[in-house]
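Below is one structure, written out as structure tokens; comments come after it.
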Amino acid sequence: MSDTTETPVSDFHALGLSNDLLDGLDHMNIRKPTPIQQQAIPAVLDGRDLIACAQTGTGKTAAFLLPLIDVITSYRPKEEGSIRGLVVVPTRELALQIDQQLQAIAYFTPITSIPLYGGSDGSTFDSQKQALTSGVEVVIATPGKLLSHLNLGYVPLKGLEMLILDEADRMMDMGFVDDIRRIITFLPKERQSLMFSATMPPAIRELTKQILHDPVEITIALSKPAEGVDQQAYVVFDMQKANALEHILNTNEATSIVIFAGRKIEVKNLTRHLQKKGFNAAGMHSDLEQSERESVMLAFRNRKLRILVATDVVSRGIDIDDIDLVVNYDVPHDPEDYVHRVGRTARAARKGTAITFVNEKQMREFGRIEALIGYEVKKMPLPEGTNGPAYDPKARPAREAGRNGGRNRNGGRPRSSGQRGGGPRR
Ligand code: AMP
């Protein structure tokens, strides 16, 4: 947890949660509420709507799950058979993860829940329909799949008590805003609504006006990378990245590595490249079938897979502990994504390393990241065996070499293809 240092001295008993929930938390070894839990839980238990600006890693999931479960288990349903809590999330991974967290926290309660997400075949759709109509209490859904069921008219939502929109900014970015507006039309007007978002752009503010009623506002400051993360940057030309990466993977002792790339095409190419070079690597991106994603994540969690190459799907919301090394194959566009990506390592006060490749065009973007985190990330010399010259911001000819995709116009050493990939292999 990144916020533990700021956690005021308090405990979950003081927040008025039921004994069954306290037992569940105890079971999970969760002892002290984080700041967002401290602020959100009493407000939600008080029946207020809520808008919370908070990142992954602040404990925001439990901040809404705890009062949701408490309300459901403490009061009789308004309408028998109706879904009582609806959590809408941008990705299936997040839906699964929230459902798992719910199952853990609610272990000593009889609460029922299902995750609902797309990419399923007809028989899954039928079993989802069956689950939705059989009295399930909490549904955690991606917008598209939820709407497919809603449009067919059988989803019992008359007695819905709480709507939660998680990672609202992400849902906006992914183009779900109309779906969300449409989903709202299926819900009873009298309900409690909570919205969680990592950022609060004007479009989200606008949406809150339409969805929330006199909300309590909570803002949790962006958590900076934990102190245990050794952050490093390599200033490289694009054509040097693969080579530098191989060297890092060959010389670093890390057993659990995530490599982030901005686009899925890059994830696919890089995964293929690493596999060809004999590395134990697999890709994770939105084109994979659900079963493929699950088996990749399982192998990674069980440490059967050393290297996970992923888009930002994994950096937000996905709960993988014990990652020793994060490599940003490119500079994340949004500085906050850097914090999310780097936050995948050194969780819970352990040590980890985060390496970012910065090409000559991304120096300014990387500067924005350094401004956000409040310090300079140390720049490392290029690993031994990396093809081509090091980038020198003052040396114009070298920049040209980079711009031209590695064609050597700088009058320096000629490079043969034999020199590429010259590092040790595995
Ligand atoms: P989240 O911000 O919801 O993604 O939570 C990040 C991680 O923090 C999850 O692994 C949670 O199980 C864990 N967590 C949530 N609340 C607490 C807490 N009060 N103390 C310690 N860990 C927590």
Base-10 log of normalised Debye intensity for segment 229-393 (one unit scatterer per alpha-carbon) at q = 0.08, 0.16 Å⁻¹: -0.21, -0.89
Footprinting exposure proxy for H213, H13 (fewest neighbouring C-beta atoms within 10 Å first): H13, H213
Neighbour-count order for I218, I51, fewest beta carbons within 10 angstrom listed first: I218, I51
Peptide ranges 33-43, 226-236, 369-379, 63-73 listed from the most packed, as the mean C-beta count within 10 angstrom indicates: 63-73, 33-43, 226-236, 369-379
Sequence-distant residues sharing a close amide H with I259 (under 5 Å, placed H): L308, V309, A310, V327
Whole-Å distance, taken between Cα centres, linking segment 280-313 and segment 107-184: 25
Length-normalised contact order for segment 2-219 - Cα pairs under 8 Å, 6+ apart - percent: 27
Residue-by-residue Karplus 3J(HN,Hα) for segment 81-91, coefficients 6.51, -1.76, 1.60, Hz, glycine and proline x: x, 7, 5, 9, x, 10, 10, 10, 9, x, 10
Above-threshold pairs, the threshold being 18 Å between Cα atoms, out of K189/K209; K241/K304; K241/K276; K224/K378: K241/K304
Debye log10 I(q)/I(0) at q = 0.11, 0.12, 0.14, 0.18 Å⁻¹ for segment 2-219, Cα point scatterers: -0.49, -0.59, -0.82, -1.40
Relative packing of peptides 22-30, 158-166 - highest average C-beta neighbours within 10 Å first: 158-166, 22-30
Amide hydrogen neighbours beyond the local backbone of I140, cut-off 5 Å, H modeled: V87, I114, L116
Anchor K268: aspartates and glutamates whose Cα lies under 15 Å away (excluding residues fewer than 8 positions away in-chain): D287, E289, E292, D312, D330
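Each value in this text was obtained by applying a stated rule to the coordinates, not by laboratory testing. Just so you know, these numbers come straight off a predicted model, no measurement behind them. Don't worry about glycine lacking a Cβ; one is built from the backbone with ideal geometry, like all the others, and counts go over all protein chains shown.
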